[in-house]
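The values are calculated or read from the model by the stated rules, or taken from the named source; none is laboratory data. Because the structure is a prediction, the values reported are computed rather than measured. With ideal geometry, Cβ positions are generated from the backbone for all residues, glycine too; neighbour counts draw on all protein chains shown. Only protein heavy atoms, including side chains, enter the accessible area calculation; ligands, DNA and RNA are left aside. Shrake-Rupley method; radii C 1.70, N 1.55, O 1.52, S 1.80 Å.
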Amino acid sequence: MLTKLSAKPPTHNKSFTSYKPPTSYSSPPPTEPDGDLLSDLSDDEPPQEASVQSVSDAFENEQAIAKGLEGERRVNRILQTLGRPYLSNVYLRDERGTLTQIDHLVKMHWGIVVIETKTYGGFVSGTANPDTWKQSFRKFGSRKYYLFQNPFRQNYRHVCVVQHVSGLQRNVFSHVVLAGDARTSLFIHKQVIRLRRLKTELQKRPEKAPHIDYKDLDLAWNRLKQQAKANRGCEAEHLASLQSRSF
């Protein structure tokens, strides 16, 4: 038997206020570091009284190697959704026969992109020397600054090796991807690519990319694949080569 519903809604003890959506949404302002941390984000030399150490690369954290591999895996997952041929953890030889390790190579319609992945933490900024960046962890109680090679300089060498092996010159492009949670100065921010922007940036044709015939691009890509395959298992040789170099 159906019961007829009362036209009058039931009353409640608590008063009800109707929800009015905001006319506009504004994200909360970013959290600014303490004044003591602002110096870490300036693109100048560390203070004279600071403790400074030069390292081969920026310290990511106490598990730098594991973090670095995780950053490369994150990039791999993005590249898998791109729908373009790519290679990861590639070993190529330069004109002197020296091995170089490259994180990722991507074959786009207009050329080949060379990706250097960094999983930095802490605070990363530039210095008066364009070839040198600095990192600090003052938020975690450390007063030391670490000076390391600008990763674009590092990736420039990779670009040169790719040009040598592939035979291409003007159609090889460089990207440095920041896969970590480091806070960066404005100078650094404008150069690196965060993971969330990687796919979009890769899909943009560089303004200065010259036309390249598909046959030439395919030939260059096959040369890279062949040498990458030939150099599999050369990690020990590459590490020994790195140890013999100086920063």
Item checked: Spacing of the two label points (7 Å from each Cα toward its C-beta) at Lys229 and Glu95, in nm -> 2.7 nm
Item checked: Environment charge of Gln203, counting only residues whose C-beta is closer than 12 Å and scoring Lys/Arg +1, Asp/Glu -1 -> +4
Check: Can you give me the relative contact order of the stretch 120-165 as a percent, contacts being Cα pairs under 8 Å and 6 or more apart?
Finding: 26 percent
Next item on the list: With a 1.4 Å probe and every protein chain kept in, tell me what percent of the accessible surface of the stretch 148-197 is carbon plus sulfur.
Entry: 50 percent
Checklist line | Residue-by-residue Karplus 3J(HN,Hα) for the stretch 94-102, coefficients 6.51, -1.76, 1.60, Hz, glycine and proline x | finding: 7, 5, 9, x, 7, 6, 10, 9, 10
Notebook entry, point to check: So who's got an amide H within less than 5 Å of the one on Asn150, skipping anything under 5 residues away but keeping other chains? H placed 1.01 Å off N, in plane.
Noted result: Thr132, Trp133
Item checked: Heavy-atom accessible area per residue - the stretch 80-224, 1.4 Å, Å² -> 47 Å²
Next item on the list: Quick one: compute the contact order of the stretch 129-243, relative version, from alpha carbon pairs under 8 angstrom and 6+ residues apart, as a percent.
Entry: 19 percent
Check: Near Asp43, within a Cβ-to-Cβ distance under 14 Å, what is the net charge of the other residues, with Lys and Arg +1 and Asp and Glu -1?
Finding: -1
Item checked: Pairs from Lys139/Lys204; Lys67/Lys199; Lys118/Lys139; Lys67/Lys204 whose Cα-Cα separation, in the structure shown, is over 32 Å -> Lys139/Lys204
